[in-house]
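Trainee: Have a look at this one.
The values are calculated or read from the model by the stated rules, or taken from the named source; none is laboratory data. In this text, all values refer to a predicted model and were calculated from it rather than measured experimentally. Please note: Cβ atoms are built from the backbone with ideal geometry, for glycine as well, and neighbour counts cover all protein chains shown. These area figures cover heavy atoms from the full protein model, side chains too; ligands, DNA and RNA do not enter into them. Shrake-Rupley method; radii C 1.70, N 1.55, O 1.52, S 1.80 Å.
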Amino acid sequence: MRPLLIPPEQLKAAAGRRMAVMTSGGDAQGMNAALRAVVRTAISAGAEAYAIHEGYQGMIDGGEGISRLRWDSVAGILNRGGTVIGTFRSADFRERWGRLKACRNLVERGIDRLVVIGGDGSLSGLDAFAREWPDLLDELVRLGQVPPEALRRHPRLVFAGLVGSIDNDLCGTDQTIGADSALHRIQDAVDAVASTAASHQRTFVVEVMGRHCGYLALMAAISGGCDYVLIPERPPAPDWEQAMCDQLRRGRAAGRKDSIVILAEGAIDRAGNPITSEYIRQTIDEGLGEDARVTILGHVQRGGTPSAYDRWASTWLGYSAAAHVLTADGDEPGPVFGFHGYQVIKLPLVEAVADTRRVPALIRAGDYEAVLKLRGSEFEDALRFFDELSSPEAQARETAPRAADESRRRVGLMHSGGLAPGMNTAAKALVRLGIARGLDMVGIENGFAGLIAGHTRPLSWRGVDGWNQEGGATLGTRRLSPRVEDLYAIGRAVEQARLDALVIIGGWSAYEGAALMLAERDRYPSLRLPVVCVPATIDNNLPATQVAIGADTALNVVVDVIDKIKMSATASSRAFVAETMGRDCGYLALMGALAGGAEQVYLNETGVTLAQIQRDLAWINQSFDEADRDFFLLVRNENANANYTSAVLAHLLDEASQGRYDTRTMVIGHIQQGGTPTPADRILATELTEFALRTVTEDWDQGGCGYRCVGVDTEGIIVTDLADAWKSVDRSHQRPSQQWWLGLAELIGVVGRQVD
Ligand code: ADP
């Protein structure tokens, strides 16, 4: 599906229009990125952008509460948490007199287009305000506070909402602004707690935010490999205290050194009574005779720099909201923009807010089934994975003697391709889910080379302990793709290891190797087994998925480096060329440029020409001369062009500079493959491997031997026949023929290149 971008000609219709943007309610990381995109989209379209400061209160107060914003007003804010235009919970806006004043202040400034970034409260206030607008205007005319022509010039308020909420609680969208960054904060804390807990063999209780929504708690429990989770959507069964203590006890008996219980602040029991972290501590104290420690994370979850996702996704959302508001005529009901998978979607605001607001009432009424339905199937799936991954029964299998059992199916697991953070997480999830389902899991070392050499070993529940936090690939991975002449040896190795299925977690060579095995399997009967590829590569260049495991972690590394480059450049005038990995796939470069706030990006897909470089150099000089620019960032994909290398570009910049700026290059390099996997990568790794295993089992049940790949689509996790997926790749460039994110390159022109 193409990204939701409005053709530039259509956006030009917005010239001269005035729109305002506001942040309201609780702050969330990424609000600044959305604000920046809204403002710059408006300016790029020739419209005027206004900020309303301190939420609805600024609208009521008028004066300095509403101010014109220029391109530079939102410069340097992408990496900042919170919101630079302030937020407030305005009691006055709940009153009609407050909204009347707000309406007057907007109309006086010729503003009748508005983007609000806030929670469900702010959005329902926005909807109420827009409905009331004609009445308010009538009254203002009657009172003589605005001239009668205002009725004709501003007959309605055209608006759009964006959801800023770390809780990820808006029904109908997969991710809200701030939720991913909050998960980063939580995961850092859980990883830190896990290491100290393991040293002392101690239990920790970690409380995270989420009054009516257990998203943060559940996802943190999965990404942190925790033992027990309590969320409002699924209060535990009566006598849960005993069950929780049993579970922790059995985990210890199975060899776990650290035990972590996560609870959402709104966790309740079946009678609707709140479950507090202190109560859990006492329960563990009494039930296990152990002195558990409590960590309440509180506002750190809202703070800190936004994650890469919260920057690029909010930029896209901000653009979409502004483009809508600037071009719509107000006839259709105002929308809220959100995400389905990696696609921006437009939802009816009223219904999304109404569904969200039904949740607390349904929880109070004990209708948990309806609540889970509103949360969506991915949430329910995640609950199921977590239950399975933390189940004491599954752990107990490990402690019971596992005699060799010929009847038990054996699943081989290997990596292939370049290293991707999250490979270990995926391997761990696969091994544990497999063992929980009564399978034998066989690790194959160092990819196809290890398979050919017969380097296999059994993998146990305890053997993969801690893998979810570790970057790298403990099993080893190689970029080597097998050749036709290797297939005989591969077939023999599969036979010798008595594999009933093979799961390959990796990049291009995983898919290429599996496609070769598929093409030749009629000649090698031992290759007639279910094979599933799980996408894991920082390049994000695989077919039949919007994203691969590892790409999010690499992107966060790129953005972190760009932040540091920018800080290093504050003392002098600099031009930077930052080079990302990705081979012929520009995903990391483009998304890094969007999330890092680059002025230009060069990709292999779109190519680089001398004419383009000349235009850019002319623009840079003009911008340093006329717009007081003192920094310029170009992000270059490593294979953007074989001749215009980063060094050549730096020389050209130096030559053109004529003393205006110094030029530096930064090849970001292999740190992009390292690092602790991000929460998104850990969660994706768990989801995809579960689907891979499910696919294998279904194939066995049906007596099939399909070759498939799992991936993410707008509708969630999908399974695709490898043969179909392989048809949709550009083999010479090792990337999919169609790449969903490529259209976002236009956004760099809208939000990165100063026009005023
Ligand atoms: P959030 O937007 O984070 O859910 P709140 O529920 O506190 O936060 O809402 C933020 C602000 O939006 C409120 O302080 C108020 O100014 C405004 N607001 C919320 N609900 C309404 C409403 N029904 N009518 C008018 N204004 C509202």
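Trainee: Between V648 and E626, what is the FRET efficiency for a Förster distance of 35 Å, r being their Cβ-Cβ separation, to the nearest 0.05? Show your work: numbers first, answer last.
Mentor: Details: r = 27 Å, r/R0 = 0.77.
For R0 = 35 Å, the calculated efficiency reads 0.85.
Trainee: Ratio of alpha-carbon Rg to the 2.2 N^0.38 Å globular estimate for region 179-301, to two decimals, please. List each step's numbers first, then the result.
Mentor: Values: Rg = 13.2 Å, N = 123, 2.2 N^0.38 = 13.7 Å.
Against the compact-globule rule of thumb, the ratio is 0.97.
Trainee: Further question: How compact is region 458-511 by the rule of thumb for globular proteins, expressed as Cα Rg over 2.2 N^0.38 Å?
Mentor: Working it through for region 458-511, the quotient is 1.37.
Trainee: So, for the chain, what is the accessible surface per residue at a probe of 1.4 Å, expressed in square angstrom? Please list the in-between numbers first.
Mentor: Working: 27830 Å² over 756 residues.
With all protein chains present, the chain gives 37 Å² per residue.
Trainee: Ignoring ligands, DNA and RNA, please state the percent of accessible area on region 552-675 from carbon and sulfur, probe 1.4 Å.
Mentor: Here carbon and sulfur together make up 49 percent of the probe-accessible area.
Trainee: So for region 274-406, what percent of the C-alpha to C-alpha distances run longer than 28 Å?
Mentor: Within region 274-406, distances greater than 28 Å cover 50 percent of Cα pairs.
Trainee: I'd like the Karplus ³J(HN,Hα) series for region 690-697: coefficients 6.51, -1.76, 1.60, θ = phi - 60°, whole numbers in Hz, and an x wherever there's a Gly or Pro.
Mentor: 5, 5, 4, 5, 5, 4, 4, 5
Trainee: If you filter region 210-301 for GluC sites (Glu not before Pro), then keep DSSP loop positions with at most 14 other Cβ within 10 Å, what is left?
Mentor: none
Trainee: Still on this structure: Where in region 58-85 does the label zone of H299 land, with the point 7 angstrom along Cα→C-beta and an amide N cut-off under 16 Å?
Mentor: So the set is 81-84.
Trainee: Counting DSSP beta bridges with both partners in the chain, what percentage is antiparallel, nearest 5?
Mentor: Details: 23 of 90 bridges.
Once the DSSP bridges in the chain are tallied, antiparallel ones form about 25 percent.
Trainee: Taking θ = phi - 60°, what integer Hz values does the Karplus form 6.51 cos²θ - 1.76 cosθ + 1.60 yield along region 666-682, in sequence order, with x for Gly and Pro?
Mentor: 9, 8, 5, x, 6, 4, 5, 8, x, x, 6, x, 6, x, 4, 5, 5
Trainee: Once you order the gyration tensor axes a ≥ b ≥ c over the Cα atoms, which shape class does region 537-611 get: rounded for a/c under 1.5, otherwise prolate or oblate by comparing a/b with b/c?
Mentor: Values: a/c = 3.08, a/b = 1.44, b/c = 2.14.
The shape class here is oblate.
Trainee: Quick one: if you stick a label point 7 Å off each Cα along the C-beta vector at E95 and H670, how many nm between them?
Mentor: Each label point is offset 7 Å from its Cα along the Cβ direction, giving 6.6 nm.
Trainee: Per residue of region 51-62, in order, report the coupling 6.51 cos²θ - 1.76 cosθ + 1.60 (Karplus, θ = phi - 60°) as ³J(HN,Hα) in whole Hz, putting x for Gly and Pro.
Mentor: So the J values, rounded to whole Hz, are 9, 9, 8, 6, x, 4, 5, x, 5, 6, 6, x.
Trainee: Under a point spin-label approximation (7 Å from Cα along Cα-to-Cβ), what is the R68-Y488 distance to one decimal in nm?
Mentor: If labels sit at R68 and Y488, their model points lie 7.9 nm apart.
Trainee: Within region 653-689, what residues put their amide N at less than 13 Å from the label point 7 Å along the Cα-to-Cβ vector of D191?
Mentor: 674-683
Trainee: Which order do the peptides 317-324, 101-108, 574-581, 349-356 take when ranked by the mean count of other beta-carbon atoms within 10 Å per residue, highest first? Intermediate values should be presented prior to the final figure.
Mentor: Working: 317-324: 28.9, 101-108: 22.0, 574-581: 24.6, 349-356: 19.4.
Order by mean packing, descending: 317-324, 574-581, 101-108, 349-356.
Trainee: Tell me which lysines have Cα within less than 27 Å of K12's Cα, excluding those fewer than 8 residues away on the same chain?
Mentor: By straight Cα distance, K12 reaches K346.
Trainee: Then there is this: Let me cross-check L389: its accessible surface, 1.4 Å probe, with only protein heavy atoms counted, in Å² to the nearest 10?
Mentor: L389 has an accessible surface of roughly 40 Å² with all protein chains in place.
Trainee: Still on this structure: Tally up the carbon and sulfur contribution to the accessible surface of region 238-351 as a whole percent, 1.4 Å probe, everything protein left in place.
Mentor: Whole-percent figure for carbon plus sulfur exposure: 50.
Trainee: Still on this structure, please answer the following. Please flag any cysteine in the chain that has no other cysteine's Cβ under 4.7 angstrom from its own Cβ.
Mentor: If one checks each Cβ against the other cysteines of the chain, C103, C171, C213, C226, C245, C585, C705 turn up with nothing under 4.7 Å.
Trainee: Can you list residues whose amide H is under 5 Å from R409's amide H, if they're 5+ apart or on another chain and H is modeled 1.01 Å from N?
Mentor: Counting only residues 5 or more places away or on other chains, the set is D440.
Trainee: Of the accessible area of region 154-204, with the probe set at 1.4 angstrom, what percent is carbon plus sulfur?
Mentor: Heavy-atom surface of region 154-204 belonging to carbon and sulfur, 1.4 Å probe: 44 percent.
Trainee: Follow-up. Taking amide H positions as placed 1.01 Å from N in the peptide plane, with prolines and chain starts having none, which residues 5 or more places from I268, or on another chain, fall under 5 Å of its amide H?
Mentor: For I268, whose amide H was placed from the backbone, the distant partners under 5 Å are I275.
Trainee: In percent, what relative contact order does the chain have, based on Cα pairs under 8 Å that are 6 or more apart in sequence?
Mentor: Once divided by the residue count of the chain, the mean separation gives 13 percent.
Trainee: Can you divide the C-alpha Rg of region 74-187 by 2.2 N^0.38 Å and report the result to two decimal places?
Mentor: 1.28
Trainee: Here's a follow-up. Identify the GluC sites (Glu not before Pro) of region 134-231 meeting these criteria: DSSP loop state and at most 10 other C-beta atoms within 10 Å of the C-beta.
Mentor: When the GluC sites (Glu not before Pro) of region 134-231 are filtered for loop state and at most 10 Cβ neighbours within 10 Å, E149 remain.
Trainee: I'd like the accessible area for Y587: 1.4 Å probe, protein heavy atoms, all chains in place, Å² to the nearest 10.
Mentor: Taking all protein chains as shown, Y587 has close to 10 Å².
Trainee: Could I have the simple spin-label model distance between S728 and S407, label points 7 Å from Cα toward Cβ, reported in nm to one decimal?
Mentor: Between S728 and S407, the simple spin-label model gives 4.2 nm.
Trainee: Let me ask another. Can you give the accessible area of S391, probe radius 1.4 Å, in Å² rounded to 10?
Mentor: 20
Trainee: Another one. Setting aside same-chain residues fewer than 8 positions from K564, which lysines have a Cα under 25 Å from its Cα?
Mentor: Excluding near neighbours in sequence, the set is empty.
Trainee: When each pair of different Cα atoms in region 552-675 is counted once in the 1/r mean, what is the Kirkwood radius in angstroms, to one decimal?
Mentor: Its Kirkwood hydrodynamic radius stands at 14.4 Å.
Trainee: Next question. Given the convex hull of the Cα atoms of the chain, what is a quarter of its surface area in nm²?
Mentor: Seen from a random direction, the Cα hull of the chain projects 33.5 nm² on average.
Trainee: What does the highest-first list of 528-541, 555-568, 28-41 look like by mean Cβ count within 10 Å?
Mentor: In decreasing order of mean packing, 528-541, 555-568, 28-41 become 28-41, 528-541, 555-568.
Trainee: Sequence-distant or interchain residues sharing an amide H contact under 5 Å with A47, placed H: which?
Mentor: G16
Trainee: Picking from N604, L143, S124, whose Cα lies most toward the positive end of the charge dipole for the chain (charges on Cβ: Lys, Arg +1; Asp, Glu -1)?
Mentor: So the residue furthest toward the plus end is N604.
Trainee: Show that you can apply the helix-only estimate: for the chain, add -39,500 (n - 2.57) for every DSSP H stretch of four or more residues, divide by all residues, and state [θ] at 222 nm to the nearest 500.
Mentor: Values: 26 runs with 325 residues, N = 756.
Helix contribution divided over all residues of the chain: -13500 deg cm²/dmol.
Trainee: Using only the heavy atoms of the protein chains and a 1.4 Å probe, how would T477, T23 rank by accessible area, largest first?
Mentor: T477, T23
Trainee: Also, quick follow-up: Can you tell me which lysines have their Cα less than 23 Å from the Cα of K428? Leave out same-chain residues fewer than eight positions away.
Mentor: Candidates past the 8-residue exclusion: K257.
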